[in-house]
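The values are calculated or read from the model by the stated rules, or taken from the named source; none is laboratory data. Being a predicted model, the structure only gives us computed values, none of them experimental. All Cβ positions, even for glycine, are placed from backbone atoms using ideal geometry, and neighbour counts span all protein chains on display.
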Amino acid sequence: MSDGEVFPVPEEWAKRAHMDAAAYEAACRRADEDPEGFWREVGERLDWITPFTQVKDVSFNREDFRIRWYADGALNVSVNCLDRHIETRGDQVAIIWESDDGQVSDKLTYRQLLAETCRWANVLKAKGVKKGDRVTIYLPMIPAAAAAMLACARIGAVHSVVFGGFSPDSLAGRIQDCDSRIVITANEGLRGGKVVPLKANVDEALKTCPGVTDVIVVRRTQTEVPMTPGRDEYYGDLKKTVPDTCDPEPMNAEDPLFILYTSGSTGKPKGVLHTTGGYLAWAAYTHELVFDYRPGEVFWCTADVGWVTGHSYVVYGPLANAATSLIFEGVPNYPTSSRFWEVCDKHKVEIFYTAPTAIRALMREGEEPVRRTSRSTIRLLGTVGEPINPEAWLWYHRVVGEGRCPIVDTWWQTETGACLMSPLPGATPLKPGSCTRPLPGVKPQLVDAEGKVLDGATSGNLCLTDSWPGQMRTVYGDHERFIVTYFTTYPGKYFTGDGARRDEDGYYWITGRVDDVINVSGHRLGTAEIESALVGHEAVAEAAVVGYPHEIKGQGIYCYVTLKVGEHPSEALQADLRGWVRREIGPFAAPDVIQFAPGLPKTRSGKIMRRILRKIAEDDLGNLGDTSTLADPAVVDDLVAHRAGAS
Ligand code: 6R9
């Protein structure tokens, strides 16, 4: 297979970069030959209260399973992201905030962000929050989101940020799972000119969360919202009562920093737990290396802080590296589809990092909305969240980057904390659609379904044979689930759930999930979650959900629904079910296609044959494979005959 055009490393990049090709090879060799020394240096980029002497202590084997990094060291994440920059960069802008409609923007220096973080920390302390307590953050993309996260880190509380697009039900599930007593929210959010009723969602969620004693509300808009006396207070009132300094809590490297819920192939979302030392070291190291970052450059990652990308590349990685990080409240196409590039011009953005789905959506609007902006300050582009099709990559490169900006296609997961595979702009020739090669110290491996290791140019299931400091440590409250989910499919290895191809140059091409997780506009969703929402509807007997290729979203959501006896298919019911899933999970989970099916294809043992459902949704009808093992092969004919015009 030909992999098309290769884009060599521009000469000026090889010269200016932290790592050129030779340095990259040397770093990879060093990580192999002297892992202890290599990883020690990664850890030493942080300021430690008690320096670590132990570097890595890991076993992926069930008998003696453990993942510990820098385990006898103590540090504080907020000190590393704020205090340590104050002396030399106190007046440098830490956060640029750009509002939804662009009418207001704001800048916070490191000194101001530290003071604000301390106020938040003191407010939390005054509410009785202690080291180890969980704090749920349900905020729009405003500076308070970063300050609240850093405040938790300052006092040793564990934050759980829930994306503002999640429904009250999803929010409630996350609050209950980690048993958090405090929720931080805003009266309302604004996104793409629309109001997001965050506080109303919290009120609804808390009907099933009796453990929540306090809600802290940030005023984002002028709208008055109902406040429950004794439970709800405005941050604006609370902050007046506290000082703007707060002693940081010394944390062990392996103390939890945050929980972030993510979808898996089965059941309810998992609380991915990251710890303090290894996570921050890896977020900072990768931010510097992948984006070739130098302190003071304006860095814009468009991800919401409700996702891991926002954690690692809006807040922790950039701030640990004394960056100026841009927080954007809005969406790519509001008020117009020039918005991203106007913001780049307004704030002189130098590094721009977004998701392929946004690029595809903007590509559809043509070149003019891009061309009418300057983008002259941008020197590097990045993508994350899903495979980027070469066509979108080439457009991003040619139109947005005017052919002069390398693109770093960064592959990683909530579980990995930060990037694991990516080109380095000064070291790696680019192939559109490939995340190229592992970062130094990262050990990918492809295996077949039986776990046989595949060498050379090949395709297989992507595993990692060894640990890196930013690896998740457990599923909150369910360590057994952690081990079973990630380390038992291929014993002794971490299984990513992704499939990949490796070409003759050793470049990796992620082909997508091989489990029942789908990636819709870069948002990860378990098909099981959507199915369980659907069967919660009174008309639905059974549902099966699969992904299918979608021009803009990457994957769309295709639902096969069997109705209860006495219920009848109708457009009204389709619309009702769509609205139902939106409300149950969140707007981004709304089904694209609902096909009513009298029956689903099942094996004789009753297992739904998803492979067939996927093929039908993909309109790949010539490839349905062997249907003879089905309990009732005729079901397939009906599904094909009534296939919805999905693609
Ligand atoms: C960071 C993030 C993880 C899944 C991952 C993979 C897909 C992420 C990608 C990519 C191809 C890339 N993915 N980056 N696929 N190329 N550069 O997105 O985390 O939300 O947990 O999703 O996203 O399938 O397994 P998360």
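Side notes on the structure shown:
- Checking the stated criteria, V561 turns out to be more than 27 Å from A284 (Cα to Cα), surrounded by 23 or more Cβ atoms within 10 Å (Cβ to Cβ) and more than 12 Å from the ligand (Cβ to nearest atom).
- Only residues that are in contact (Cβ under 8 Å) with a residue 40 or more places away in the chain, in contact with a strand residue (DSSP E or B) (Cβ under 6 Å, 6 or more places away or on another chain) and away from the ligand (no atom under 15 Å from the Cβ) were counted across segment 433-453, and they come to 2.
- Condition check for D345: without any contact (Cβ under 8 Å) to a residue 40 or more places away in the chain, touching a Ser or Thr at 6+ places or on another chain (Cβ under 8 Å) and under 30 Å from I259 (Cβ atoms): no
Residue-by-condition table, conditions (1) buried (at least 19 other Cβ atoms within 10 Å of the Cβ); (2) at pLDDT 95 or above; (3) among the aromatic types (F, W, Y):
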residue	(1), (2), (3)
R360	yes, no, no
T377	no, yes, no
L380	yes, yes, no
V384	yes, yes, no
N389	no, no, no
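- Number of the exception - V77 against (1) within 29 Å of E342 (Cα to Cα); (2) surrounded by 23 or more Cβ atoms within 10 Å (Cβ to Cβ); (3) in contact (Cβ under 8 Å) with a residue 40 or more places away in the chain: (1)
- Cβ-Cβ distances below 6 Å connect the following pairs, each with a first residue in segment 626-639 that is of a type in the set (S, T, N, Q), a second residue that is surrounded by 14 or more Cβ atoms within 10 Å (Cβ to Cβ) and in a helix (DSSP H, G or I), and a separation of six or more residues or different chains: T627/V636.
- Scanning segment 217-250 for residues that are crowded, with 17+ Cβ neighbours inside 10 Å, in a loop (DSSP other than H, G, I, E, B) and touching a residue at least 40 places away in the same chain (Cβ under 8 Å) turns up R220, V242, C246, P248, E249.
- Subset of segment 519-553 (residues that are closer than 22 Å to W307 by Cα, of a type in the set (V, I, T) and not in a loop (DSSP other than H, G, I, E, B)): V520, T527, I530
- Filtering segment 496-513 to residues that are over 18 Å from the mean Cα position of the chain (by Cα), of a type outside the set (K, R) and either in a loop (DSSP other than H, G, I, E, B) or crowded, with 18+ Cβ neighbours inside 10 Å (or both) leaves A500, D503, E504, D505, G506, Y507, Y508, W509.
- Each residue in segment 33-53 was checked for being in a loop (DSSP other than H, G, I, E, B) and under 20 Å from A283 (Cα atoms), and 7 pass.
- Pair list, Cβ < 6 Å and 6+ apart or interchain, from segment 375-397 residues that are more than 20 Å from C419 (Cα to Cα) and among the charged types (D, E, K, R) to residues that are more than 13 Å from the ligand (Cβ to nearest atom) and assigned to a helix (DSSP H, G or I): R375/W341; R375/C344
- Taken together, the residues in segment 547-584 that are closer than 19 Å to P269 by Cα, touching a helix residue (DSSP H, G or I) at 6+ places or on another chain (Cβ under 6 Å) and at pLDDT 95 or above amount to 1.
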